[in-house]
Amino acid sequence: MTADSLSRLLAGAAEVVPEDGLRHKLALGRPLRVKLGLDPTAAHVTLGWAVVLRKLRQFQDEGHVAVLIVGDFTARVGDPSGRSETRPRLDKEVVREYADRLLEQFWVILDRDRTEVRYNSGWLERMDMEAVLELAATSTVARMLERDDFATRFAAGRPISILEFLYPLLQGMDSVATRADVELGGTDQKFNLLVGRDLQRARGQEPQVALTMPLLVGTDGVQKMSQSLGNYVAITEGPDDMFGKLVRIPDPLIADYRRLALDFFRDPGEADRVAAGLAEGTLDPWQEKRRMAREVVDLYHGPGAGREAEARFDLVHREREVPAEVEERDLPSEWTREGEGGGYWLPRVLWGLGLASSKAEAKRLIRQGGVRLDGEPVTDPDAELPGEVLRGRVLQVGRRRFVRLR
């Protein structure tokens, strides 16, 4: 083990438990079994998932064994991490379909030939009731309520299912089954990773080191990146879509996106230099956002792809006379027509955003061709569109008023 190797593996990490644990594991002088578990509950690998996948690739490149757990069983239980309510259960076939789609995307980041892929249904489905009771007896309700999201829900009187209490124990059994030396996860996974240490210790194994990575905030600038929230960038998106989403993130996220999507595995100091320059006013946020977007596109689509996407982005905005930077506004759910499919009636949206003095004026503007959506005229004053169609698009009234809908 060298000091440089340890430094590279710790780069970008939020926390390591125990604090000096990775140093001691590396001192064993053998390849470590480094585990990452991902539940196939959605169709895309996002830049958020890519953070921990890139960290696992770093361990691969240092000569360690990457153990990728496809949580095809735990996905059917539902990870309660960071949830304010019980997650709905997924059907087995749906989970398998997601798993098949995601596995090919993992190889964009990981070295397929050096990755040990395990499906946790292989050991969890074989557990009989006696084994489940034995597993449940290893923890207590008090221990589970040490978890922040459980504690918050319990204090607020919101239900917590017994199934959710089982989830950390089932994930912990993955560490036992694979004899993990290190487990990676986001900061929201810390409790689960520590339960894995407890279960390994109880079964006579040397406890794993828990290494957590920061969560990437979504493009909305508010909540962590999530496909269910629609605030994500997928690593398989086309260059133009990827670039367009990345240049629209709020300015305060620029340094974090650099750090987590690019720099912790390339140049750990660059994100700090950018953060300092933005704080001092010596760097232009818009130019830094564009540079970050170009480099992310290059990472996933090859050198030069970022410049090409940027050129197309500028051309589209010039042709449609849309400013490169547009004010972003939320679409409140209460603006929908309840009982009529939950769509947004455009005159109500225009009035609510202050782009028209009344709904009647909004209808008149639409009839006269004065309203555009992503540069295309909207001519039906009774148009009602679902939120997923509107969010992320630019609403234009006249020649000078633009709002990007969130």
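The values are calculated or read from the model by the stated rules, or taken from the named source; none is laboratory data. Keep in mind that this is a model prediction, so the values were computed, not measured. Here the Cβ is made from the backbone with ideal geometry for all residues, glycine too, and neighbour counts use every protein chain on show. Please note that ligands, DNA and RNA were not included when accessible areas were found on the heavy atoms of the full protein model with its side chains. Shrake-Rupley method; radii C 1.70, N 1.55, O 1.52, S 1.80 Å.
Here are the numbers for the structure shown:
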| read-out | value |
| --- | --- |
| Lys/Arg +1, Asp/Glu -1 at C-beta; the chain dipole; positive extreme among GLY196, LEU355, TYR344 | LEU355 |
| Intensity falloff of the chain expressed as log10 I(q)/I(0), Debye formula with alpha-carbon point scatterers, at q = 0.08, 0.12, 0.14 Å⁻¹ | -0.52, -1.04, -1.28 |
| 3J(HN,Hα) from dihedral phi, the range 292-308, Karplus parametrisation 6.51/-1.76/1.60, rounded to Hz, x for glycine, proline | 4, 5, 4, 5, 5, 4, 4, 4, 9, 10, x, x, x, 5, x, 4, 5 |
| Full-stretch length increase - SER226, ASP380 - with 0.36 nm per residue and alpha-carbon distance subtracted | 52.1 nm |
| Under Karplus coefficients 6.51, -1.76 and 1.60, residue-wise ³J(HN,Hα) of the range 188-202 in Hz, glycine/proline x | 6, 9, 3, 4, 4, 5, 6, 5, x, 4, 4, 5, 4, 4, 5 |
| Amide hydrogen neighbours beyond the local backbone of GLY218, cut-off 5 Å, H modeled | GLN223, LYS224, MET225 |
| Average accessible surface area per residue within the range 101-189, 1.4 Å rolling probe, Å² | 50 Å² |
| Along each principal axis, Cα extent of the range 335-395, largest first, Å | 29, 22, 19 |
| Lysine pairs within the chain, Cα separation less than 22 Å, 8 or more sequence positions apart or different chains | 11 |
| In nm, spacing of pseudo-spin labels at ASP113 and THR140 (7 Å Cα→C-beta vector) | 5.2 nm |
| Cα shape, the range 26-176, gyration tensor, a/c 1.5 rule | prolate |
| Summed side-chain charge close to ASN192 - residues other than ASN192 whose Cβ falls under 12 Å, Lys, Arg +1, Asp, Glu -1 | -4 |
| Acute angle (nearest 10 degrees) that the helix 47-61 long axis makes with the longest principal axis of the chain, alpha-carbon atoms | 40 degrees |
| Overall form of the range 145-243 per C-alpha gyration tensor (a/c, 1.5; a/b vs b/c) | oblate |
| Calculated FRET efficiency for the pair THR236/ALA131, C-beta based, R₀ 51 Å, to 0.05 | 0.85 |
| Solvent-accessible area per residue, Å², over the range 359-400 with all protein chains present [probe radius 1.4 Å] | 57 Å² |
| Around GLN60: net Lys/Arg minus Asp/Glu count, Cβ-Cβ under 13 Å | +3 |
| Carbon/sulfur fraction of accessible area - the chain, other protein chains in place, 1.4 Å, % | 50 percent |
| For the range 94-171, fraction of C-alpha pairs farther apart than 14 Å, in % | 73 percent |
| Label-point separation in nm, LEU28 to ARG266, each point 7 Å along Cα→Cβ | 3.3 nm |
| Cβ-based net charge around THR74, under 9 Å, with every Lys or Arg adding one and every Asp or Glu removing one | -3 |
| Beta bridge orientation in the range 270-404: antiparallel %, DSSP, nearest 5 | 90 percent |
| Separation of the GLN287 and ARG307 label points, Cα + 7 Å toward Cβ, nm | 1.7 nm |
| Potential extension, GLU388-ALA14 segment - 0.36 nm per residue separation minus Cα distance | 131.3 nm |
| Euclidean distance of C-alpha centroids, the range 280-296 and the range 1-45, integer Å | 30 Å |
| Distant-in-sequence amide H partners of LYS35 (H built 1.01 Å from N, under 5 Å) | VAL67, ASP181, VAL182, GLU183, LEU184 |
| Fraction of antiparallel bridges per DSSP, the chain only, in percent to nearest 5 | 45 percent |
| Helix-only mean residue ellipticity at 222 nm for the chain, each DSSP H run of n ≥ 4 adding -39500 (n - 2.57), per residue, nearest 500 | -13000 deg cm²/dmol |
| Distant-in-sequence amide H partners of GLU328 (H built 1.01 Å from N, under 5 Å) | ARG404 |
